[in-house]
Amino acid sequence: MRAVADSITITDNRSGDRVEVPIVNGGVDATAWRELLGDVWFHDPGLTTTASTTSEITELDGDRGILRYRGYPIEQLAEQSTLPEVAYLLIHGELPTQAQHDAWVHEITHHTFIHENFRKRIFDAFNYNAHPMGLLTSGVAGLSTFYPEAKNIADPEARLAQIIRLIAKMPTMAAAAYRFFKGLPFVFPDNADDYSTRFLKMMFDISNTYEPHEVLVKAVRILSILHADHEQNCSTTAVRVVGSAHADPYTSVAAACGALYGPRHGGANEAVLKMLAEIGSMDRVGDYVAAVKRGEGRLMGFGHRVYKNYDPRARIIKDAAHAVFEVTGKNPLLDIALKLEETALADDYFVSRRLYPNVDFYSGLIYQSIGFPTDMFTVLFAIGRTPGWLAHWNEMLAQDQRITRPRQLYAGPAGRDYVPLDQR
Ligand code: SDX
């Protein structure tokens, strides 16, 4: 058998048969094993060692703490770009020319409204104190009923029209959920504003008096870019799985919202604030860390499946936090967060497990200082992540991927006959 520089050989010891599989782009093709292994499956709960797809969108290097969107470093995009421009990059693969940028922003700007029937009625079905993520997830799924043409998922133009609508409407839907949650009147999107300013006004304006400070607008812009994509995370996997069934993009993105709502994923930034408030003071950090080491809970905002070094986003957010606190005043939980990071990074329990602050550790402090309630933090994550979800949905359909349907290892009872109730 020809020796191949980069390959693996699998031998089935039951038959002595072997197959050599080339290592291509860091992976080996699982279908190459089928001929050899038949009905023997690789067992990988949580998909911790499985590449579920091939993608050209985002590159993570967990050991070196690198994050690039279509090859561009996150540090440069966070400092110089906007979410609409990053959305264009993620979806189209290249930074837009001036003409492409202006046309794209025009399209997004003119699709920010949600149907009045929908806006007035969707949230009224919920309790006054409904969690905004529950409102957003329901609202996004409901949008599918207003755009039946979204089912034409084989048509690239139809896909692009829905992509623009979702990027445009997520902030409007999010702000509407917040205003409903606070019992405040809805604020219509002002198309004269940029994406981040428009969102802040829809959130916080009262009687056309609110003009967000430029530092706060910049922080929201940076945070949305940092959250825009992160390769095959839990919620992006959800949008790919549901999208592989050829569900429409609104339903697929609603599934992603559901995954993001989980405290292990997008709900972590909300959980970090609750953790810091529970610790309550710097002198109680040591006791809290000791409890975590005893297995009594986790440091929320710490650890990551891919990053085994400092999450590059956390570093950028930490810097942005200081700029925000110059305007809003220091968040009283900051000192506890800094002490917690210092304590954990000096403790072998965390260092040996390569647990570092992730994107969620400092983001909540900024959001809280700007005035967002903790219930809104995951909603903010969803606004930022929408372009990434849609870029992966679009890529998966362009790849004409088969429906996602993994196998299992059955460990249940063998076949047995039904026993009538009076004989049990
Ligand atoms: C996001 O995937 C993405 O890209 C996600 C995200 C994105 O942009 O989409 O980056 C956004 O979800 C960031 C993560 C936010 N979640 C949290 O901050 C919650 C706290 N973190 C963890 O629950 C955990 O770190 C995960 C869920 C993030 C990662 O879990 P893994 O990779 O499955 O790690 P693991 O559970 O296998 O843990 C390995 C070890 C275990 O210890 P041992 O059993 O080996 O003794 O590390 C421990 C864990 O107990 N551990 C932690 C810990 N995270 C892992 N111990 C204390 N505190 C933690 N936070």
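The values are calculated or read from the model by the stated rules, or taken from the named source; none is laboratory data. Because the structure is a prediction, the values reported are computed rather than measured. Don't worry about glycine lacking a Cβ; one is built from the backbone with ideal geometry, like all the others, and counts go over all protein chains shown. When the accessible area is computed, the model is the full protein with side chains, heavy atoms only, and any ligands, DNA or RNA have been set aside. Shrake-Rupley method; radii C 1.70, N 1.55, O 1.52, S 1.80 Å.
Looking at (1) at pLDDT 95 or above; (2) assigned to a loop (DSSP other than H, G, I, E, B), find the lone condition where ARG264 falls short. Here ARG264 clears every test but (1).
From the list MET275, MET282, the lone residue that is of a type outside the set (Val, Ile, Thr) and more than 15 Å from the ligand (Cβ to nearest atom) is MET282. Comparison of ARG165, ARG121 shows that the only residue that is of a type in the set (Lys, Arg), in the same structural domain as HIS392 (by TED's automatic domain parsing) and surrounded by fewer than 18 Cβ atoms within 10 Å (Cβ to Cβ) is ARG121. Note on the stretch 195-230: residues that are farther than 21 Å from ARG179 by Cα and open to solvent by 50 Å² or more (accessible area, probe 1.4 Å) amount to 2.
Scanning the stretch 283-312 for residues being in a helix (DSSP H, G or I) and at pLDDT below 95 gives a total of 1. Take the conditions (1) in a loop (DSSP other than H, G, I, E, B); (2) more than 23 Å from ILE366 (Cβ to Cβ); ARG165 misses just one of them, which is (1).
Screening the stretch 48-161 for helices (runs of 4 or more DSSP H) wholly inside it with 1 or more residues that are within 30 Å of PRO406 (Cα to Cα) returns the ranges 83-92, 132-143.
From the list ASN25, ASN13, exactly one residue is of a type outside the set (A, V, I, L, M, F, W, C), open to solvent by 90 Å² or more (accessible area, probe 1.4 Å) and closer than 30 Å to TRP393 by Cβ. Which is it? Step by step, each of ASN25, ASN13 is checked, and only ASN25 is of a type outside the set (A, V, I, L, M, F, W, C), open to solvent by 90 Å² or more (accessible area, probe 1.4 Å) and closer than 30 Å to TRP393 by Cβ.
Look at LEU380 and say whether it is touching a helix residue (DSSP H, G or I) at 6+ places or on another chain (Cβ under 8 Å), open to solvent by 10 Å² or more (accessible area, probe 1.4 Å) and within 29 Å of ALA130 (Cβ to Cβ). Here the answer is yes, as LEU380 does meet what is asked.
Report the residue count in the stretch 217-251 for those that are within 16 Å of the ligand (Cβ to nearest atom) and in a helix (DSSP H, G or I). Count: 13.
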